[in-house]
Amino acid sequence: MAEFMADDSWYPLLRGCLQRTHPPGRHELPVIFLLGLAGTGKSATLTQISRSVRKPPSPAVNLALHPAHGSTVADVIQRIAYDLAALEKVRLPRTVFTLVVLGLNPKLSRSELEDQLQRRLQRKARIDPNDAAQWRDIASLLPNIGIWLKFLVYVAELLGRRLDAADRVHRVARAWLSERLGGDVLNLVQDQQIGGERAEGARGILVEAFLEDLAQAWARPRHARNCLLLLDDADSPAGSAFLQALVAARARRSEAGASADPLVVVAASRTWPKGMTGWACPGAPGARRPPQLAAATYQDWLRRRDDGEQRWWYPVLMPGLPTGRTAAVYARAVHELTGGYPYAARELGELLGNAEDDDEFRAILNEKDALRRLMPDHLPRRDLLTAWSAARNVDDAENALLDGASTASHLRRELTERLWLTTQSAADSRGGAWERSSSGGEEITVIHPWLRRLLLHHLAAEPERWDQVHETMESFYRKQEVADDASAAYHTLARVTEAYDPRLETVVAFLNERFGQLDVTGRRGSRLSEWVQLYEQVTAAPNRLPLDRPLAALYDSLAVGSADTERRDRTSMIRTLVVARWFWLDPVLDPPGRRATEIAHEFRQLAGLRTTGRSIFNREAERYEQHL
């Protein structure tokens with residue numbers, strides 16, 4: 001497979017799937033879903049795959065479905081079958097015959113239906129398949145059965161080598177369909193007309209005909225690789241219906257003992273696929289989670305897939321941008337603002353790439369109103385969702401910001417289906433770090449960091465509501481049954497907006513008091529490591545500090561207390577630590593991440609004021625120094 005670009009993340013997965021050709025009919029193949037928000041490179045990946053898979057040695061179809069076109073499953077099959085038959089010379093007699101039957105006029109009598117069927121299958125004079133004008137002329141001769149099917153009827157004849165080849169092909173196809181229906185093939189016309197389950201069954205038989213044709217075409221060693229179908233906009237109604245019908249048809253064929261078909265499907269979707277079971281959607285509980293594209297392989301699919309009728313699904317997550325792939329000067333800031341979301345990173349990279357200093361970086365965001373302009377359209381229950389952004393995680397938002405159980409559950413489900421929820425380790429979430437650690441442990445559901453950033457910006461535009469939502473969250477954590485003082489202090493800090501704000505004094509006093517309580521030796525040494533965790537949890541709070549003030553002046557006004565003197569005490573050191581990390585975690589307040597220097601300095605200063613655990617603070621200082 002030299003035609004593949006071996007450094008592409010999809011290469012191992014596609015190679016493993018397309019090379020499973022021998023023995024024919026023995027290898028089940030996945031329906032691969034490339035899942036990601038708009039702008040994560042799904043369509044570009046399909047295009048790259050299409051260009052990289054050369055023809056020959058095997059057919060490949062690249063098809064884009066547009067939601068507004070109102071296509072049906074039969075329309076999708078016609079398009080795919082036309083590309084395979086006319087462009088790739090793959091024989092699909094059962095597919096063509098079944099499509100023709102489904103296109104008959106259901107108002108006709110049995111004898112009239114038979115006459116119409118024969119007329120539509122009647123052979124015409126041979127033509128040059130490359131002559132587009134002749135194709136258009138022929139298409140006009142067969143009304144009411146769709147332009148792609150009109151082409152297909154004649155392609156089926158052109159592939160014959162003898163004068164009676166077309167008739168023989170149609171007889172084989174009719175015999176297969178008659179056996180599949182257990183009776184007259186014209187019954188299929190009535191099933192489609194009746195609608196409901198009968199019509200769904202008719203569509204399912206069409207898909208089975210298509211898969212049987214592919215299985216027969218690959219039964220002989222003509223093709224070096226399996227057949228590849230690339231399907232963009234697969235979350236459109238037609239795409240979703242087709243893929244669900246495909247999986248159901250595979251299940252019926254497997255149960256009947258039919259050989260496996262050679263079709264490898266790679267579909268792109270910006271939402272969780274309808275009908276997919278056996279896998280946990282991002283942001284939802286479950287052990288079987290979709291892998292990242294770079295980690296996806298054929299063997300991984302075989303090992304982790306469900307054993308039931310839905311076992312053909314293989315959801316794969318599109319990757320985010322790695323750190324350093326955005327704006328040159330402010331790469332860290334752009335990456336952390338967007339959570340690595342490629343579309344947002346590109347937009348902000350172009351906007352902020354020429355910022356000369358931190359204040360200009362912030363001024364561009366403020367003057368261009370970028371965080372409002374880039375808000376996604378058609379967000380579900382936007383008012384409630386905006387309030388949820390104040391919470392550290394979705395569970396706490398749902399429990400604390402009550403707006404009706406059904407409303408909250410519907411919002412959560414819609415966010416999950418639209419891929420705006422994800423999971424993060426509880427430890428990383430408490431500490432404010434978005435990048436995944438390797439520590440494992442409990443995971444919680446959170447709003448995607450980019451969407452949360454935009455929602456918080458929207459909430460901050462209403463100061464009174466910002467304070468009200470954070471006060472509600474603080475009250476929730478102070479309830480006796482919750483009793484989470486650190487999370488309560490998190491929401492207290494979130495409401496600090498100016499120097500000498502008494503709420504900042506409250507947060508500093510809380511951490512200072514806990515410092516005294518935890519500066520003791522426990523079973524595992526000094527308990528000051530617990531204090532560090534509290535400190536990190538509190539300082540991960542969001543903020544609504546103004547964007548139009550010089551950054552250095554804003555920081556100094558908060559970091560230096562009114563009672564601070566040249567001889568600094570523990571309280572003043574903790575205050576500086578709180579403000580420094582609060583700024584450092586927000587790329588809008590510390591775009592280049594320089595505050596890590598002050599955090600490290602304050603930890604070393606604080607190490608001289610403790611009774612136990614000097615090494616704990618020294619290690620913390622070293623950790624922040626590594627971020628420089």
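The values are calculated or read from the model by the stated rules, or taken from the named source; none is laboratory data. Predicted model only: the values in this text are computed from it and were never measured. So basically every Cβ, Gly included, is an ideal-geometry build from the backbone, and we count neighbours across all protein chains shown. Protein only, heavy atoms only, side chains kept; ligands, DNA and RNA dropped before computing areas. Shrake-Rupley method; radii C 1.70, N 1.55, O 1.52, S 1.80 Å.
Got a number for residues in region 251-272 being out of contact with any Gly (no Cβ under 9 Å at 6 or more places or on another chain) and at negative phi? I'd like the intermediate steps shown before the answer.
Of region 251-272, the ones out of contact with any Gly (no Cβ under 9 Å at 6 or more places or on another chain) are 253-257, 263-266, 271-272.
Right, trim to at negative phi and you get 253-256, 263-266, 271-272.
Of the residues in region 251-272, 10 are out of contact with any Gly (no Cβ under 9 Å at 6 or more places or on another chain) and at negative phi.
For region 213-245, which residues satisfy the criterion of being surrounded by 19 or more Cβ atoms within 10 Å (Cβ to Cβ), over 32 Å from the mean Cα position of the chain (by Cα) and charged (D, E, K, R)?
Within region 213-245, just Asp213 meets the criteria.
Run down Ala234, Ala245 and say which single residue is touching a helix residue (DSSP H, G or I) at 6+ places or on another chain (Cβ under 7 Å), in a helix (DSSP H, G or I) and either farther than 22 Å from His22 by Cα or not assigned by the TED database to the domain that holds Pro93 (or both). Lay out the reasoning, then the answer.
Details: Ala234 fails: in a helix (DSSP H, G or I).
Checking each option against the conditions leaves just Ala245.
Restricting the search to region 459-477, which residues are small (Gly, Ala, Ser) and part of a helix (DSSP H, G or I)?
Going through region 459-477, the residues small (Gly, Ala, Ser) turn out to be 460-461, 475.
Correct list: Ala460, Ser475.
Which one of Val155, Val172, Val76 is at pLDDT 65 or above, open to solvent by less than 50 Å² (accessible area, probe 1.4 Å) and closer than 29 Å to Ala219 by Cβ? Full working, then the answer.
Working: Val155 fails: at pLDDT 65 or above; Val172 fails: open to solvent by less than 50 Å² (accessible area, probe 1.4 Å).
Unique residue meeting the criteria: Val76.
Yes/no matrix, rows are residues, columns are (1) in contact with a helix residue (DSSP H, G or I) (Cβ under 9 Å, 6 or more places away or on another chain); (2) farther than 30 Å from Asp369 by Cα; (3) modelled with pLDDT of 90 or more:
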| site | (1), (2), (3) |
| --- | --- |
| Tyr555 | yes, no, yes |
| Thr565 | yes, yes, no |
| Arg568 | yes, yes, no |
| Phe583 | yes, no, yes |
| Val588 | yes, no, yes |
| Pro591 | yes, no, yes |
| Glu602 | yes, yes, yes |
| Thr612 | yes, yes, yes |
| Ile616 | yes, yes, yes |
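Within region 384-420, work out how many residues are crowded, with 18+ Cβ neighbours inside 10 Å, in contact with a helix residue (DSSP H, G or I) (Cβ under 7 Å, 6 or more places away or on another chain) and either farther than 23 Å from Val538 by Cα or at pLDDT below 80 (or both).
Counting residues in region 384-420 that are crowded, with 18+ Cβ neighbours inside 10 Å, in contact with a helix residue (DSSP H, G or I) (Cβ under 7 Å, 6 or more places away or on another chain) and either farther than 23 Å from Val538 by Cα or at pLDDT below 80 (or both) gives 4.
Do we find that Tyr477 is among the aromatic types (Phe, Trp, Tyr), under 30 Å from Ala363 (Cβ atoms) and assigned by the TED database to the domain that holds His458 in this structure? If you could, list the steps in order and put the result at the bottom.
Working: among the aromatic types (Phe, Trp, Tyr): yes; under 30 Å from Ala363 (Cβ atoms): no; assigned by the TED database to the domain that holds His458: yes.
Spelling it out, it is not the case that Tyr477 is among the aromatic types (Phe, Trp, Tyr), under 30 Å from Ala363 (Cβ atoms) and assigned by the TED database to the domain that holds His458.
Out of everything in region 14-36 that is at pLDDT 95 or above and of a type in the set (A, V, I, L, M), what residue ends up being farthest from Ala215 (Cα to Cα)?
Across region 14-36, the extreme among qualifying residues is Leu35.
Counting only residues that are surrounded by 16 or more Cβ atoms within 10 Å (Cβ to Cβ) and of a type in the set (Val, Ile, Thr), how many does region 470-485 have?
1
Would you confirm whether any residue within region 246-259 is touching a residue at least 60 places away in the same chain (Cβ under 8 Å), within 22 Å of Ser50 (Cα to Cα) and in contact with a strand residue (DSSP E or B) (Cβ under 8 Å, 6 or more places away or on another chain)?
Within region 246-259, one or more residues are touching a residue at least 60 places away in the same chain (Cβ under 8 Å), within 22 Å of Ser50 (Cα to Cα) and in contact with a strand residue (DSSP E or B) (Cβ under 8 Å, 6 or more places away or on another chain).
Residues are listed down the side, and each one gets a yes or a no for (1) assigned to a helix (DSSP H, G or I); (2) among the hydroxyl-bearing types (Ser, Thr, Tyr); (3) in contact (Cβ under 8 Å) with a residue 12 or more places away in the chain:
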position: Val579; (1), (2), (3): yes, no, yes
position: Trp582; (1), (2), (3): yes, no, yes
position: Val588; (1), (2), (3): no, no, yes
position: Glu598; (1), (2), (3): yes, no, yes
position: Phe603; (1), (2), (3): yes, no, yes
position: Thr611; (1), (2), (3): no, yes, yes
position: Ser615; (1), (2), (3): yes, yes, no
position: Asn618; (1), (2), (3): yes, no, yes
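State all residues of region 178-203 that are under 13 Å from Leu104 (Cβ atoms) and in a helix (DSSP H, G or I); if no residue qualifies, say none. Even if it seems obvious, please write down each step before you answer.
If we filter region 178-203 for residues that are under 13 Å from Leu104 (Cβ atoms), which is where we start, we get 184-193, 202.
The answer is Asn187, Leu188, Val189, Gln190, Asp191, Gln192, Gln193, Ala202.
If I ask for residues that are at pLDDT below 95, part of a loop (DSSP other than H, G, I, E, B) and in contact with a strand residue (DSSP E or B) (Cβ under 8 Å, 6 or more places away or on another chain), which ones from region 437-458 would you list?
Ser437, Ser439, Gly440, Gly441, Glu442
Which residues, counting only those in region 511-551, are out of contact with any Asp or Glu (no Cβ under 7 Å at 6 or more places or on another chain) and among the hydrophobic types (A, V, I, L, M, F, W, C)? Talk me through it step by step, then tell me what you get.
Step one: of region 511-551, the residues out of contact with any Asp or Glu (no Cβ under 7 Å at 6 or more places or on another chain) are 511-517, 519-527, 529-531, 533-542, 544-549.
Correct list: Leu511, Phe515, Val520, Trp531, Leu534, Val538, Ala540, Ala541, Leu545, Leu547.
Would you list the helices (runs of 4 or more DSSP H) that sit entirely within region 6-120 and hold 1 or more residues that are in contact (Cβ under 8 Å) with a residue 40 or more places away in the chain and over 24 Å from Arg225 (Cβ atoms)? Please lay out each step first, then the result.
On the way: elements: 11-18, 42-52, 73-82, 93-102.
The helices (runs of 4 or more DSSP H) meeting that bar are 73-82, 93-102.
The rows are residues; the columns are (1) assigned by the TED database to the domain that holds Ala224; (2) small (Gly, Ala, Ser).
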| position | (1), (2) |
| --- | --- |
| Lys274 | yes, no |
| Thr277 | yes, no |
| Gly308 | yes, yes |
| Pro322 | no, no |
| Ala331 | no, yes |
| Glu336 | no, no |
| Arg346 | no, no |
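Go through region 348-360 residue by residue and tally those that are of a type in the set (Gly, Ala, Ser) and either assigned by the TED database to the domain that holds Trp584 or not in a helix (DSSP H, G or I) (or both). Break it down stepwise before answering.
Keep residues of region 348-360 that are of a type in the set (Gly, Ala, Ser), which gives 349, 353, 355.
Next cut, either assigned by the TED database to the domain that holds Trp584 or not in a helix (DSSP H, G or I) (or both) only: 353, 355.
Count: 2.
Return the pairs, sorted by first residue and then second, in which the second residue is open to solvent by less than 20 Å² (accessible area, probe 1.4 Å), the first residue lies in region 337-358 and is at positive phi, the beta carbons are less than 8 Å apart, and the residues are 6+ apart or on different chains.
If the second residue must be open to solvent by less than 20 Å² (accessible area, probe 1.4 Å), the pairs left are Gly339/Trp450.
Mind listing whichever residues of region 361-372 are in a helix (DSSP H, G or I) and either within 30 Å of Leu35 (Cα to Cα) or in contact with a strand residue (DSSP E or B) (Cβ under 9 Å, 6 or more places away or on another chain) (or both)? Even if it seems obvious, please write down each step before you answer.
Taking region 361-372 and keeping what is in a helix (DSSP H, G or I), we get 361-367, 370-372.
Selection gives Leu365, Ala370, Leu371, Arg372.
In region 359-383, how many residues are free of Cβ contacts under 8 Å to residues at least 24 places away in the same chain and either of a type in the set (Asp, Glu) or open to solvent by 70 Å² or more (accessible area, probe 1.4 Å) (or both)?
Within region 359-383, residues that are free of Cβ contacts under 8 Å to residues at least 24 places away in the same chain and either of a type in the set (Asp, Glu) or open to solvent by 70 Å² or more (accessible area, probe 1.4 Å) (or both) number 9.
This table checks each residue for (1) in a helix (DSSP H, G or I); (2) charged (D, E, K, R); (3) farther than 21 Å from Trp420 by Cβ.
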position	(1), (2), (3)
Arg253	yes, yes, yes
Val264	no, no, yes
Lys274	no, yes, no
Gly278	no, no, yes
Pro282	no, no, no
Gly286	no, no, no
Arg289	no, yes, no
Val316	no, no, no
Leu321	no, no, no
